[in-house]
1. Is it true that some residue in the range 153-167 is surrounded by 21 or more Cβ atoms within 10 Å (Cβ to Cβ) and either over 15 Å from the mean Cα position of the chain (by Cα) or over 21 Å from residue 88 (Cβ atoms) (or both)?
2. Return the pairs, sorted by first residue and then second, in which the second residue is at pLDDT 95 or above and not in a loop (DSSP other than H, G, I, E, B), the first residue lies in the range 115-138 and is at positive phi and surrounded by fewer than 22 Cβ atoms within 10 Å (Cβ to Cβ), the beta carbons are less than 9 Å apart, and the residues are 6+ apart or on different chains.
3. Residue 107 versus (1) more than 18 Å from residue 51 (Cα to Cα); (2) surrounded by fewer than 22 Cβ atoms within 10 Å (Cβ to Cβ); (3) touching a helix residue (DSSP H, G or I) at 6+ places or on another chain (Cβ under 7 Å); (4) in contact (Cβ under 8 Å) with a residue 60 or more places away in the chain: which is the lone unmet condition?
4. Quick test for you: out of 98, 145, pick the one residue that is crowded, with 23+ Cβ neighbours inside 10 Å and more than 10 Å from the chain's Cα centre (by Cα).
5. Of everything in the range 35-72 that's touching a strand residue (DSSP E or B) at 6+ places or on another chain (Cβ under 7 Å), in a loop (DSSP other than H, G, I, E, B) and within 21 Å of residue 166 (Cβ to Cβ), which residue is modelled with the lowest pLDDT?
6. Pull up the range 55-84, narrow it to residues that are touching a helix residue (DSSP H, G or I) at 6+ places or on another chain (Cβ under 7 Å) and in contact (Cβ under 8 Å) with a residue 60 or more places away in the chain, then point me to the one that is surrounded by the most Cβ atoms within 10 Å (Cβ to Cβ).
7. Residues 119, 125: which one is within 12 Å of the chain's Cα centre (by Cα) and either more than 17 Å from residue 159 (Cα to Cα) or modelled with pLDDT of 95 or more (or both)?
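The values are calculated or read from the model by the stated rules, or taken from the named source; none is laboratory data. These numbers come from a predicted model, not from an experiment. Here the Cβ positions follow ideal geometry from the backbone for every residue, glycine too, while neighbour counts run over all protein chains shown.
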């Protein structure tokens, strides 16, 4: 019951965040505690971000995790919000928020209890083990990677979830950087 309440609260926060993204002018808003500068990450402009399905394929997941994955229907493919989801040994979903809503999404996830900062991913990254969520803020992009829990419990399972989420984040950030730089000459 407690887990259901946590997921319900997280869903409410994300719905409110999405509503604010859609219906408020956030061009002048700066998120307190957010990145000072986005110049460190060479991320594409919102119009240059390809589909989430292109950035993370079932074949990519098989290569990263060794498991077989099948795509599920996407919830969103907008200019500033892209997502994909896969069913496999552990369900995986990727949400990409682009532009002015990206810092807000990251800060929303940072409000989840018991988050753990992660080094060497984007400008900032946090892991929320209780929800299986890795949030990475890089330039004008926030990645939200959710790794479903299998029926096992324990530290080894949590470590595996984080390992998968980090591998996906590295892969997607690399693809985004390639998209910004274009083909190699």
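1. No, the range 153-167 contains no residue that is surrounded by 21 or more Cβ atoms within 10 Å (Cβ to Cβ) and either over 15 Å from the mean Cα position of the chain (by Cα) or over 21 Å from residue 88 (Cβ atoms) (or both).
2. Pairs found: 120/166; 120/170.
3. (3)
4. Working: 145 fails: more than 10 Å from the chain's Cα centre (by Cα).
The match here is 98.
5. 35
6. 56
7. Working: 119 fails: within 12 Å of the chain's Cα centre (by Cα).
Checking each option against the conditions leaves just 125.
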